[in-house]
Amino acid sequence: MNTETTRVLSAMRPNGRLHLGHYLGVLQNWQQIQYQYKCFFMLADVHGIINNYQASQQLSETMNEMVIDWLAAGVDPSQATIFIQSRVPEHFELASLLGVITPLGWLERVPSYKDALDELEHTDGNTYGLLGSPLLQSADILLYNSHYVITGEEQAANIELTREIARRFNHLFGREDGFEEKASASIKKLGIKKAALYAKLLIKYQQEGDDEALATARYLLQDALNLSHGDRERLFAFLENKGKVFLQEPHILTGNSTRIIGTDGTQMSIARNNTINIREKPEMVSSKIRGMITDPARIKRSDRGTPSSCPVWSLHQIYSTQEVSNWVEMGCLSAGIGCLDCKQPLIDAINLQQHELIEKAKPYQEDSTLVKRILSDGCGRAREIASTNLKSIKHAMNIDY
Ligand code: TRP
Ligand code: SF4
């Protein structure tokens, strides 16, 4: 596959400040992959309010901070397209169109829907949006004919649904298997001269929109005696680009799957309130790490500890040099160092990384027009592609009059 035309889509819901789990698990990956593939990074604002529609007043501020975090992490708007879901209305149009062919049962059995239902506090929360959320996600992906979706393993079932919807669409409206090969075999049956003329007319019609060329090509096919009925139909379809739309079945690309542990010793997440955020102030990093849970067996300074049962150790493994790690291991096992001693080099290493992020974010914080411009540029580019693709999807569905 040509990596320049391999399209990758990824998205985040703007549900709060991003943390080190996002930075290490997702953003570093985006930063690298943007140079290999054509990347689309989306702020899934509507997904962000599906679970939480009362919270929409914070969206704009959360999104602004999120984009600044992306940029600070090295996402480059001249490489990747950064855009907002709701500013490309084609997403919702496609979701409705795909809804026409998506059996309700497929949506009802999506695990994330069942989980969300279990967590609902009020039956009013069981909205159409919740049920349709994976369908909207499918539209997000299929609209760009994305080859890959970067997302966590927990989204695997949603991506599988997307593949099923694409397959169903292709089966119902897309080209037959081996359509291109069959079409070129049919063209050969026209004979050299007529085949060349057909090819010329096809280009004139498809690239220049020349309707006369279309009419002439139709006559040519009608008069061609050595075409079978099937050949003729296929070449009519080929002319008009019908049966050519083919939604790409996406594959999942999981990023760095190391779980980043939060200050309470469980996986770092906004919901657990145990995060160290991107661009956190040095004194906050310090106080959060100093308050971080350690090996529960090490109660007194004189108790020996076991790094492998300590959440602080899991961060050392990410942030510390071999030398520091050896020092931690030996000092912990022998009770030679205290936990605060152990935490200090970690605090320093995290702050070193944070310093770079904070510095890179500064220009965007000082001049709010920069982010606005990046977004309006990205939304424009996304919209252009989305509207072209949606047009051919509607064409395939015969609703393009
Ligand atoms: N549903 C995803 C989440 O809950 C966010 C999302 C929306 C997404 N559209 C997407 C992820 C498209 C990948 C691709 O986090
Ligand atoms: Fe954890 Fe370090 Fe304390 Fe050992 S010394 S328990 S590794 S914080």
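When residues of segment 167-225 are filtered for being among the hydrophobic types (A, V, I, L, M, F, W, C), closer than 30 Å to I141 by Cα and touching a residue at least 40 places away in the same chain (Cβ under 8 Å), how many remain? So the count comes out to 5.
For segment 126-166, name all the residues that are free of Cβ contacts under 8 Å to residues at least 24 places away in the same chain and hydroxyl-bearing (S, T, Y). Quick ask: steps written out before the conclusion?
We begin by selecting, within segment 126-166, every residue free of Cβ contacts under 8 Å to residues at least 24 places away in the same chain; these are 126, 128, 160.
Answer for segment 126-166, where residues must be free of Cβ contacts under 8 Å to residues at least 24 places away in the same chain and hydroxyl-bearing (S, T, Y): just Y128.
For segment 166-178, enumerate the residues that are within 17 Å of R232 (Cβ to Cβ) and buried (at least 17 other Cβ atoms within 10 Å of the Cβ).
Residues of segment 166-178 that are within 17 Å of R232 (Cβ to Cβ), as a first pass: 175-176.
Result: R175, single match.
Given the criteria at pLDDT 95 or above and either within 14 Å of ligand 1 (Cβ to nearest atom) or in contact with a Cys (Cβ under 7 Å, 6 or more places away or on another chain) (or both), does R17 qualify? Taking the combined requirement at face value, the residue does not satisfy it.
For segment 27-40: of the residues being aromatic (F, W, Y) and out of contact with any Leu (no Cβ under 8 Å at 6 or more places or on another chain), which is surrounded by the most Cβ atoms within 10 Å (Cβ to Cβ)?
Kept after step one, since they are aromatic (F, W, Y), are these residues of segment 27-40: 30, 35, 37, 40.
Filter once more, so that each one left must be out of contact with any Leu (no Cβ under 8 Å at 6 or more places or on another chain): 30, 35, 37.
Numbers: W30: 24, Y35: 11, Y37: 22.
That would be W30.
Restricting E283, E249 to residues that are within 16 Å of ligand 1 (Cβ to nearest atom), among the acidic types (D, E) and open to solvent by 20 Å² or more (accessible area, probe 1.4 Å) narrows the list to E249.
For segment 281-307, a tally of residues being more than 11 Å from ligand 2 (Cβ to nearest atom), touching a residue at least 40 places away in the same chain (Cβ under 8 Å) and closer than 17 Å to I260 by Cβ returns 1. Is it fair to say A297 is outside the structural domain of K360 (by TED's automatic domain parsing) and open to solvent by 60 Å² or more (accessible area, probe 1.4 Å)? No, not satisfied. Taken together, T81, T5 contain a single residue that is touching a Lys or Arg at 6+ places or on another chain (Cβ under 6 Å), away from ligand 2 (no atom under 16 Å from the Cβ) and either assigned by TED's automatic domain parsing to the domain that holds I289 or among the β-branched types (V, I, T) (or both), which is T81. Of the helices (runs of 4 or more DSSP H) lying entirely inside segment 308-394, those carrying at least 3 residues that are closer than 26 Å to A297 by Cβ and away from ligand 2 (no atom under 11 Å from the Cβ) are 322-333, 339-366. Look at Q54 and say whether it is out of contact with any Ser or Thr (no Cβ under 6 Å at 6 or more places or on another chain), more than 18 Å from L253 (Cβ to Cβ), away from ligand 2 (no atom under 16 Å from the Cβ) and open to solvent by 40 Å² or more (accessible area, probe 1.4 Å). So Q54 passes the test.
The values are calculated or read from the model by the stated rules, or taken from the named source; none is laboratory data. What you see is a predicted model, and the numbers here were worked out from it, not measured in a lab. Note: ideal-geometry Cβ built from the backbone for every residue, glycine included; neighbour counts use all protein chains shown. Note: accessible area is taken over every heavy atom of the protein model, side chains too, but ligands, DNA and RNA are not part of it. Shrake-Rupley method; radii C 1.70, N 1.55, O 1.52, S 1.80 Å.
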